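Computed from the coordinates by the stated procedures, all read-outs in this text should not be read as laboratory data. Remember, predicted model here, so these are calculated numbers, not experimental data. Every residue, glycine among them, receives a Cβ derived from its backbone with ideal geometry; neighbour counts consider all protein chains shown.
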Amino acid sequence: MSDINSSIKDSKVRNLQMAVLSVGKGSQSEETGIAEIKMQTVDLDFFYGKFKALAQINLSIQAKQITAIIGPSGCGKSTLLRAFNRMNDLVPHARVEGKILLDNQDIYAPGVDVVDIRRRVGMVFQRPNPFPMSIYDNVAYGPRLYGINKRATLNEIVEKSLRQSALWDEVKDKLNQSGMSISGGQQQRLCIARALAVEPDVVLMDEPASALDPVSTLKIEDLMQTLKLSYTIVIVTHNMQQAARVSDFTAFMMIDANRAGTLVEFGKTPQIFTNPKNKQTEEYVTGRFG
Amino acid sequence: MNASIAEQPLQIVHRINPRNRYKRRMLANQLMLGLAGFLTLLALVPLFWIIGYVILKGGQYINLNFFIKLPTPLGVPGGGVLHSIEGTLILTVLAGLFSIPPGLLAAFYVAYNPNTALGTAVRFGTDVLSGVPSIVIGIFCYALVVKPAGHYSALAGGVALAILMLPTIIRTTEEMIKLVPHTMREGSLALGAPEWKTSLKVTLPAAISGIVTGFLLALARASGETAPLLFTALGNDRFEIGRLVQGGLRNGQSLPTIFYNILQQPVDSLPLTLYKYTQQPFPERVNQAWAVALVLMGLVFATNLMARIYVNYRTSHR
């Protein structure tokens, strides 16, 4: 813990951390004096070519907590989320300035293996995107990538992941059926199981329930509460009620005068929704704009 | 405010009479419908005319011997076109082998790098290539393969047909790859899979039914081509795989050597035989040409049917 603290030289970051601490979980703060930070952006700027999409983002993601990123459309929520596992590498001319630390190591530093980053930081997408293969193979896809081919081991991983994503009981008798044959809500939980199968530390969720019906949405939200016991979760959502319901921390983003996304306010979810310090946050969460 | 508008009585500006010019509208409708139906039938006439005429002319000359015998000398009854059926088979397989692997890879490249210099060049190249007359491709392959080797061969014919198929394969495969949702690819990449593995394990299986259909249609198209074969495969009415294999084995050759030798032979194909037979002044040859036309049409029809059945099978087993 202390080395994390000492390595942070930027005063802005420290201030932010203090702010987080003041609202952080009481027990953690009392025991260790500092909440465990899993990921952290330091003065993060993000560019699509010449266009600056994110400006000066300083955000700390607490370990084994759910952090929600909210904000109006086009404010850079998804861009930020995708920066956390370098999915933006795929976009031509996308560029990052500043740092994103995962366990205190810069994921954009030269020499960092992007494959390793993506194994440690998994992702669940807006629309369920099962692969055109069986349910079993969908979950086993990740482990196989990392060289696990023993049937017994794979069976174990598949069952464990499907149990974790609360899908096992529904699909255990049809593991050989196509992943595309199950319902949308089940497909999304399959995608969560697929992400969990490589045992990530962090799971990024990009509006994971926006394409699902209310019942499936509730299932996903319940699931997130179980998952946070073992994983750090970052969720982007358009649905403020959802953010209020599921998350421990909330980050509110807006575009600034230059149309770049900025972090307006970050804090514990109840505080953001009931007692926001920033006027823009207040207007947004009370539904007066956006 | 809304309520006040709702309370106002609706002002009738112009009373529309539903029976206004009713007869005229009905008549115009009937007329256009009839015209559309008639022209649709007219468009189908050539298709059914061709099929019917070919069946009428060639159907009676088709029998078992037609498929399993080599041509007999003129005046000797019987005989068939085994040589060109086997030749067509060999040429099609060769053309597929030469065109599908590079076509598939090029399609992946173009689909994922559409705006790079090479991507643009490939796309432009395929457009131009698909417009090149097939006989020009034949001459090109004559200079490329036949001239250096010093003889006509199945190999040269296969290369010519492959070049002919390449643009179709690249374009249809590219379209099918582009139909695969981008999010599916991202799902794989987000797990840390490299791009090539994502393409192989996720994108290709997702697009495979469309891609295979494209292959089959391109093969069907190529197997009906004559012009590129005139300067490459030439024709060979003594060509018989069974006899060549037996002969090779008797001489103690290994199977790969035998197959290599077969590929070095000139071969016939159905369209080539058709072209040659129709030019002969002998009625029995001309009759056989009609029968060949029927077999060729049946082959193309079967390939198309296979493509459709395959797609239906894939879509119902998802």
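In debye to the nearest 20, how big a dipole does the protein assembly as shown give about its Cα centre with +1 on each Lys and Arg Cβ and -1 on each Asp and Glu Cβ? Mind dumping the intermediate values first?
Working: 58 positive and 43 negative charges, 331 e Å.
The calculation lands at about 1580 debye.
So what is Rg over Rh here for the range B:1-105, counting just Cα atoms and using Kirkwood for Rh?
Values: Rg = 32.7 Å, Rh = 21.9 Å.
Radius of gyration relative to Kirkwood radius: 1.49.
Mind jotting down the distance between the C-alpha centroids of the range A:43-92 and the range B:218-286, whole Å?
Computed from Cα coordinates, the inter-centre distance equals 63 Å.
Can you give the average number of partner chain beta-carbon atoms within 10 Å of each beta-carbon in peptide B:190-200, as a whole number? Working shown, then result.
Values: counts 20, 18, 16, 7, 3, 1, 0, 3, 2, 0, 0.
Across B:190-200, the average partner-chain Cβ count within 10 Å equals 6.
Top mean-square fluctuation among B:GLN253, B:GLN279, B:GLN11, Gaussian network model of chain B, C-alpha springs under 10 Å?
Among B:GLN253, B:GLN279, B:GLN11, the largest mean-square fluctuation in the Gaussian network model of chain B belongs to B:GLN11.
Just to be sure I understand the curve: with the Debye formula and one point per C-alpha of chain B, what is log10 I(q)/I(0) at q = 0.08, 0.09, 0.10, 0.13 Å⁻¹?
These q points yield log10 I(q)/I(0) values of -0.55, -0.65, -0.75, -1.07.
Using every Cα-Cα pair within the range B:2-58, state what percent have a distance larger than 16 Å. Don't jump to the answer; show the numbers that get you there.
On the way: 1139 of 1596 pairs.
It works out to 71 percent of all Cα pairs.
Ranking A:MET133, A:MET123, B:MET306 by Cβ neighbours within 10 Å, fewest first, what do you get?
Numbers: A:MET133 18, A:MET123 25, B:MET306 14.
Exposure proxy ranking, most exposed first: B:MET306, A:MET133, A:MET123.
How far, in degrees from 0 to 90, does helix B:82-112 lean away from the longest principal axis of the Cα atoms of chain B, to the nearest 10?
50 degrees
By counting other Cβ atoms within 10 Å of each Cβ, how are A:TRP168, B:TRP196 ranked from fewest to most?
On the way: A:TRP168 17, B:TRP196 9.
So the ranking, lowest neighbour count to highest, is B:TRP196, A:TRP168.
Tell me which trypsin sites (Lys or Arg not before Pro) from the range B:123-217 have a DSSP coil assignment and no more than 13 other beta carbons within 10 Å of their own. Kindly include the intermediate steps, with their values, before the conclusion.
Working: sites: B:ARG123, B:ARG171, B:LYS178, B:ARG185, B:LYS197, B:LYS201; in loops: none.
Hits after loop and neighbour filter: nothing returned.
Per residue of A:119-126, what is the mean number of Cβ atoms on other protein chains within 10 angstrom of that residue's Cβ?
Numbers: counts 3, 1, 2, 3, 5, 2, 5, 1.
For this peptide, the per-residue mean of nearby foreign Cβ atoms is 3.
Taking the number of other C-beta atoms within 10 Å as the exposure measure, put A:SER78, A:SER210, A:SER165 in order starting with the fewest. Could the numbers behind the result be given before it?
Numbers: A:SER78 20, A:SER210 14, A:SER165 26.
Listed from fewest to most nearby Cβ atoms, that is A:SER210, A:SER78, A:SER165.
Along its three principal axes, how long is the protein assembly as shown when you only count alpha carbons? Whole Å, largest extent first please.
For the protein assembly as shown, the Cα spread along each principal axis is 107, 86, 51 Å.
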